[in-house]
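Q: First the structure, which I've put down as structure tokens, then a few questions once you've had a look.
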Amino acid sequence: MSKFIFSSPRKYVQGRGVIDELGEYLPALGGKSFLIADEMVWSIVGERVKCSLEKSNVEFHYEPFNGEASSNEITRLVNLARKQGTNVVVGLGGGKTLDTVKAIADELQQCVAIVPTVASTDAPCSALSVIYTDEGVFDTYRFYNKNPDLVLIDTQVCAQAPVRLFASGIADGLATYVEAQAVLRSHSSSMVGGAPTIAGMAIAEACEKTLLTYGFSAYTAVEQNLVTPAVDAVVEANTLLSGLGFENAGLAGAHAIHNGFTAIKGDVHHLTHGEKVAYGTLTQMVLEQRPDDEIAKYVRFYRSINMPTTLKEMHLDQESYENLVKVGALAGGEGDTLGNLNPNLSPEDVANAILAVDAFSKTVK
């Protein structure tokens, strides 16, 4: 008998200026807080966060994040949190910061509050982290027994971030329904260990529809640091819909190929998570033998928001075929999700599809 599981954050709060309300939510989660953000993020939102917590009489300690969601960084911050005697872990920033914070809260068995400052990934709402080595190579997925207790996202803060990061969140979100359909077809498990739920699939589909409908206009608004109804819709799709969709409907080729790119050294690592996922999504679509016009539609949309669709834009045009085979091998490794697309894919199949995306994209007008 199939088992169906649906998992979600305890509370999701989104809106212009809500970062000033953060302190109001923390007493219910335990009060005394261990705040983690990289130094750039803290320079942008730190004063507002401190004012909010002080207004609500919440004690806190801030510690800078070193930049990599690795086991060593998690251990370092866990030890510091224990020394401070805090009760709640609060993460402010992007995907790697938030993945690290979830791991720290899990180690401490404490509540966790997630405060994204960019709408660039689907990491905030999920009960898992992507863990890397100290050198930035994909290591493993780490799963937790609960989702974050609070996800609070200020749309005005997100609109001040570079538009490239906003577009990267759109690209990450567009993988959601593509991968969910593959998981459903292959009768694979979602990221919470059950069959994809009707709710999970509906949310994944709504994510894709929202992004394709409003993504470009939202992108042009964020270029001007504006918050519009389209921006609100896309922030929700990037963060909540994509997060619930991928977790409850599953991952397949797009994210596995993203992880596979960490097998290669070079300028590809200067790309964002979403930029690499965009190319991984097109590669999955080739491997699925999706219709040409459907792949072309995605290529055109990615171009409209400046996401890469060729190997040159991925900084991979000079890579050897043997290195692309290494990407396929890591993508298909144990613990990743390429098998949810097709368990019989070889590293060479993936390498050929990566090259085919480049060739096809160059023909799309």
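Here, each number is a calculation from the coordinates, and none is a lab measurement. Fair warning: this is a prediction, and the values are worked out from it, not measured in the lab. In this analysis, Cβ positions are derived from the backbone assuming ideal geometry, glycine residues included, and neighbour counts consider all displayed protein chains.
Q: Given the options SER126, ILE305, LEU29, identify the residue whose Cα lies farthest towards the positive end of the charge dipole of the chain (+1 on Cβ of Lys, Arg; -1 on Cβ of Asp, Glu).
A: Checking the options against the dipole of the chain, the answer is LEU29.
Q: Let me ask something else. Kindly provide the GluC sites (Glu not before Pro) of region 92-192 that DSSP labels as loop, not H, G, I, E or B, and whose Cβ sees at most 14 other Cβ atoms within 10 Å. Don't skip to the answer; put the middle values down first.
A: Working: sites: GLU107, GLU135, GLU179; in loops: GLU135.
Within region 92-192, the qualifying GluC sites (Glu not before Pro) (loop, at most 14 other Cβ atoms within 10 Å) are GLU135.
Q: Of the beta bridges DSSP finds with both residues in region 12-159, what % are antiparallel, to the nearest 5?
A: Working: 5 of 27 bridges.
For region 12-159, the DSSP antiparallel bridge percentage is about 20.
Q: Additional query: About the Cα centre of the chain, what is the dipole size in debye to 20, counting +1 per Lys and Arg Cβ and -1 per Asp and Glu Cβ, all else neutral? Walk me through the numbers on the way to the answer.
A: Details: 28 positive and 43 negative charges, 111 e Å.
Using Cβ point charges on Lys, Arg, Asp and Glu, the chain gives about 540 debye.
Q: Quick one: angle between helix 163-186 and the longest Cα principal axis of the chain, in degrees between 0 and 90, rounded to 10, please.
A: That works out to roughly 60 degrees.
Q: Taking the 0 to 90 degree range and rounding to the nearest ten, how far is the long axis of helix 39-55 tilted relative to the main principal axis of the chain, both from C-alpha atoms?
A: 40 degrees
Q: Over the chain, with a Gaussian network built from C-alpha contacts below 10 Å, which listed residue (LYS276, LYS312, LYS50) shows the highest mean-square fluctuation?
A: Among LYS276, LYS312, LYS50, the largest mean-square fluctuation in the Gaussian network model of the chain belongs to LYS312.
Q: Right, here's the next one. Can you pull the one-decimal nm distance between simple spin-label points at GLN224 and CYS51, each 7 Å off the Cα toward Cβ?
A: 2.7 nm
Q: Now a separate question. Once you order the gyration tensor axes a ≥ b ≥ c over the Cα atoms, which shape class does region 162-361 get: rounded for a/c under 1.5, otherwise prolate or oblate by comparing a/b with b/c? Don't jump to the answer; show the numbers that get you there.
A: Values: a/c = 1.83, a/b = 1.17, b/c = 1.56.
Verdict is oblate for region 162-361.
Q: Still on this structure, I have one more. Just from its helices, what would the mean residue ellipticity at 222 nm be for the chain, if runs of 4 or more DSSP H residues each count -39500 (n - 2.57) and the sum is divided by every residue, rounded to the nearest 500 deg cm²/dmol?
A: Numbers: 14 runs with 183 residues, N = 365.
Roughly -16000 deg cm²/dmol at 222 nm, from the helical runs in the chain.
Q: Let me ask another. Please report how far the C-alpha centroid of region 120-178 lies from that of region 11-35, rounded to the nearest whole angstrom.
A: 19 Å
Q: Give me the percent of DSSP beta bridges within the chain that run antiparallel, rounded to the nearest 5. The partial results should precede the final answer.
A: On the way: 5 of 28 bridges.
About 20 percent, rounded to the nearest 5.
Q: Quick one: length gained pulling GLN156 to LYS209 fully straight, 0.36 nm per residue minus the C-alpha distance? Don't skip to the answer; put the middle values down first.
A: Values: separation 53, 0.36 × 53 = 19.08 nm, distance 2.32 nm.
Computed gain between GLN156 and LYS209 is 16.8 nm.
Q: Now a separate question. Which whole-number percent gives the relative contact order of region 12-159, counting Cα pairs below 8 Å spaced six or more residues apart? Don't jump to the answer; show the numbers that get you there.
A: Working: 318 pairs, mean separation 43.0, N = 148.
Over region 12-159, the number comes to 29 percent.
Q: If you don't mind, there's one more thing I want to ask. Can you give the three extents of the C-alpha atoms in region 12-159 along their principal axes, from longest to shortest, in whole Å?
A: 39, 34, 28
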